[in-house]
Amino acid sequence: MKSLSSAGFPEGQNPDTPGTGSASPGPETIKEKIDAATRTVILVGNPNVGKSVVFKSLTGHHVTISNYPGTTVEITRARTRLNNHKADLYDTPGINDLAQQSEDAEVTRDIISAHPDATLVQVADAKNLRRALLLTLQLAELGRPLVLVLNMMDELKKSGARIDVERLSEILGIPVIGTIATQNSGIDNVVQALPSARLPSLDCLNEDEVGEDFERNFVRMVRANEILAETYVLKQPRKPRFSVRLGFWCMHPVKGLIVLGLVLVGVFWFVGLFGAGSLVDALEVGLFQQRMNPLAIRAADAVLPFPHAHPVEPVQLDFVLPVTPAHEISIFSSTREVIGTAYVMESDASLKWHQKAARLIHDFLVGEYGVITMALSYSLAIVLPIVTTFFLMFSLLEDSGYLPRLSIMVNRLFRVMGLSGKAVLPMVLGLGCDTMATMTTRILETRRDRIITSLLLALAIPCSAQLGVLLAMMAQLSALAAVFWVVLIIGVMVMVGWLSSKVFPGERSDFILEVPPIRAPQLGNVVAKTVGRLEWYLKEVIPLFVLGTAILFVLDRTHALKLIAVAGRPLVTGWLGLPAETINAFLIGFMRRDFGAVYLLDAATGPDAILSPLQIFVSMVTITLFMPCIANLFMIAKEHGKRIALYMTLFIFPFAFLVGGIVNQVGRALGFE
Amino acid sequence: MTKGAPEYLQCSLCGLEFEKTDTVCAHGCPMGLSCNHVRCPNCNFEFPAPSQTGRWFGKMFRRRHRHGQRHQNGETVTLDRLRSGDRCTLQRLGCGSNGRKNTLTVFGMIPGSEMTLLQRHPSYVVRIGETELGLDEEIAREIYVKPI
């Protein structure tokens, strides 16, 4: 107990008492004071050790939990009752090194120093005690009451290793509790141990032992190895288990590609065919066109009467199970005779003013660009199933531990773009929602990497809402065109990444990535995470859809759309070679590009399709390269500053038109028209 | 392979090493001039002599021996010189930035710790203790190790 020079002991605790693993009840006054200290609890730990699961078990709150480092990018706080006391719990981002000059470590340091009376609970991966001990030593230097939780005891057992928990508790002088947080086992023991949290009785590093950070950590690591030698017995199992081998296959230069191919096929089937096909049909036709829309139209007609009639049309729903893009198994189909948004009216002139007002509101709610018939049915019937299926897939992938292996696979490609393989994590998430992915760029170390990744996300990664619409557009084209579209977008991404890595000064962040073990995803966790993401997405998105529809409605009614169409005519009809009617698609695309894509889809399909195949392709490329949505722009501004957000906007939109125009000109020169 | 220098072949059946000129092809073989087979003087097994193109293709599939050298124990090399599966002890971290050294230290890379190079492509993966780390080649070149 020689060098706790930096901080005094909390009142009432005797520094000479050697700490033991069991709670030793002291005199009442002392106990009360220590109990008071449990009122703020801060969870600290290495990345990917299950802090968030422990946090969830302690509080019952939902936190996003994943199987890759760096999920908690913001502090989560929850208020709960522990041992009959109100307690504030804080979940911190995972850190390997408390002294590091990184945002995560800074946030954690701040929260610890802001709560001088808090009890620290270090959550550790039992399999990886060495690295946990480094952090324990750093926390010990802070001189705070500490409890060490050894999580994932089941995985430790499976790996054949053993930890002498009592001996460890004796050496460290703090309670040490083994848990399996995903099964909620041992959590009660953690709660019971909180009052007996005490200062570690360790030889720590002296404040005056100056040196570089890595030298100090070196000293700590040597000490950690000493402790490890006394408490940790490793027995390697003779034959690597299947999950271990699968983990290697995912990173193998050849087998890894096969695994990647299988994963892509699986995701495409589930999201592209099942989600964007069957589920969208079921919701859009079955729920909205057959039931919700007629109901809403009738309700609107009853409240807002004006002389008009909605013709009745048959609407057919085919629910199918897709096998390949061209083959499907029909499950059931039903046809209903219902009314649609179109209506016939005798003459506009005969309407009185209040009937005109009624008609306007009627159109605003259930007209062609109506809030209910368009915004709600689009966001709930088209976007929701696609986004749900994608997030479900993504949650499965991230919990399985595949994503870090994917970044090992693509590291070389990303080096061309001046990024490290880690950037693939936000990029894959971006296929679900670019705004959410922009937030996740925080897992990258340097600001330069974060900005380039955000730029590429905003430019070239279509989000799942847009992907769904694009898939429907692509159905109008040949398979070759679809391949060409993918190649073109990836090409643009690599080129822009390469150029921006040359333009942006600064170092690329180091690629040092921990590879977690392959795990079978926990269904409950996957579902909870998917629901959490969906909740956020819907809150973010539905108001935007409604706002977008309203703006479009106003533009349509005030004839501003026509004015803008005249102004944008040279660009759209001349340079892109598209009909003038598509201008409103691009206009609305400024707000949400997938929404813009819906208008293009309208123009590309149906009985009165006005786009030729080349025009479909050109408009697809242009709208893909648009900025995803207003929310994404706000997120970029929040993460990287307004100036960067402005520059990105000024680059992305002209660039999208530039690439679209080049495709158009080249296509025409090659005689595709 | 310079002209005139003796070319050694190894029989793929019995393992005998012999000079190419020692091949015991029977005279009057019907396969004619384009025959590139050689026959082992020990067991009479016939196999195609390795050609330039054959070697090139073979190299693509062979486990890569970088710079063609095995490392003797006790020789300090950088991590990128090792073959996948090799075990080594860390000697020191090279001239990278302190931040990089710190990151590696925190993951358990301190002189004397034992590690295994699990794979080299597409990125380096090492196991150190219980941690598996993916690394860039650039970083692997700065890690000095002693193979075991």
The condition from (1) modelled with pLDDT under 75; (2) surrounded by 14 or more Cβ atoms within 10 Å (Cβ to Cβ); (3) within 13 Å of chain B (Cβ to nearest Cβ) that A:Cys204 misses is numbered (3)
Restricting attention to the range B:121-148, the residues that are facing chain A (nearest Cβ under 9 Å) and part of a loop (DSSP other than H, G, I, E, B) number exactly 6
Restricting attention to the range A:143-162, the residues that are in contact (Cβ under 8 Å) with a residue 60 or more places away in the chain and buried (at least 20 other Cβ atoms within 10 Å of the Cβ) number exactly 5
The condition of being more than 13 Å from chain B (Cβ to nearest Cβ) and farther than 26 Å from B:Gly134 by Cα holds, among A:Gly261, A:Gly272, only for A:Gly272
Per the filter on the range A:527-550, residues surrounded by 15 or more Cβ atoms within 10 Å (Cβ to Cβ) and among the β-branched types (Val, Ile, Thr) are A:Thr530, A:Val531, A:Val541, A:Ile542, A:Val546, A:Thr549
Among the residues of the range A:365-381, is any part of a helix (DSSP H, G or I), free of Cβ contacts under 8 Å to residues at least 12 places away in the same chain and assigned by TED's automatic domain parsing to the domain that holds A:Val265?
-> no
Cβ pairs under 7 Å, 6+ apart or interchain, first in the range A:589-617 and within 18 Å of A:Thr649 (Cα to Cα), second surrounded by fewer than 17 Cβ atoms within 10 Å (Cβ to Cβ), ordered by first then second residue, are A:Met591/A:Ile630
For A:Val338, the lone unmet condition from (1) at pLDDT below 85; (2) in a strand (DSSP E or B) is (1)
Practice problem: Report yes if some residue within the range B:102-109 is more than 8 Å from chain A (Cβ to nearest Cβ), surrounded by fewer than 23 Cβ atoms within 10 Å (Cβ to Cβ) and at pLDDT below 90; otherwise report no. | Solution: no
In the set A:Val371, A:Val428, A:Val424, A:Val410, the lone residue that is over 25 Å from A:Gln101 (Cα atoms), within 14 Å of chain B (Cβ to nearest Cβ) and surrounded by fewer than 24 Cβ atoms within 10 Å (Cβ to Cβ) is A:Val410
Note: among A:Leu351, A:Leu360, A:Leu392, just one is buried (at least 16 other Cβ atoms within 10 Å of the Cβ), touching a helix residue (DSSP H, G or I) at 6+ places or on another chain (Cβ under 9 Å) and in a helix (DSSP H, G or I), namely A:Leu392
Among (1) within 14 Å of another protein chain (Cβ to nearest Cβ); (2) buried (at least 20 other Cβ atoms within 10 Å of the Cβ); (3) in contact (Cβ under 8 Å) with a residue 40 or more places away in the chain, A:Gly506 falls short only on (2)
Residues of the range B:110-120 being outside any loop (DSSP other than H, G, I, E, B) and within 8 Å of another protein chain (Cβ to nearest Cβ), in sequence order, are B:Leu118, B:Gln119
Considering residues that are farther than 30 Å from A:Ala520 by Cβ, assigned to a helix (DSSP H, G or I) and not β-branched (Val, Ile, Thr), the number found within the range A:150-200 is 9
Matching residues in the range A:556-594 (out of contact with any helix residue (DSSP H, G or I) (no Cβ under 8 Å at 6 or more places or on another chain) and part of a loop (DSSP other than H, G, I, E, B)) number 2
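Residues are listed down the side, and each one gets a yes or a no for (1) under 26 Å from the mean Cα position of the chain (by Cα); (2) among the aliphatic types (A, V, I, L, M):
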{"site": "B:Asp80", "(1), (2)": "yes, no"}
{"site": "B:Ser84", "(1), (2)": "yes, no"}
{"site": "B:Leu93", "(1), (2)": "yes, yes"}
{"site": "B:Asn98", "(1), (2)": "no, no"}
{"site": "B:Arg120", "(1), (2)": "yes, no"}
{"site": "B:Tyr124", "(1), (2)": "yes, no"}
{"site": "B:Gly129", "(1), (2)": "yes, no"}
{"site": "B:Gly134", "(1), (2)": "yes, no"}
{"site": "B:Glu138", "(1), (2)": "yes, no"}
Quick check: anything in the range A:414-421 surrounded by fewer than 24 Cβ atoms within 10 Å (Cβ to Cβ), over 18 Å from A:Val494 (Cα atoms) and either more than 12 Å from chain B (Cβ to nearest Cβ) or in contact with a helix residue (DSSP H, G or I) (Cβ under 7 Å, 6 or more places away or on another chain) (or both)? no
Result of the Cβ filter at 6 Å on the range A:219-241, keeping first residues that are within 16 Å of A:Leu168 (Cβ to Cβ) and in the same structural domain as A:Leu137 (by TED's automatic domain parsing) and partners that are of a type in the set (Ser, Thr, Tyr) and at pLDDT below 75, at least 6 apart or interchain, is none
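The values are calculated or read from the model by the stated rules, or taken from the named source; none is laboratory data. What you see is a predicted model, and the numbers here were worked out from it, not measured in a lab. Glycine also receives a Cβ, built like all others from the backbone with ideal geometry; neighbour counts cover every protein chain displayed.
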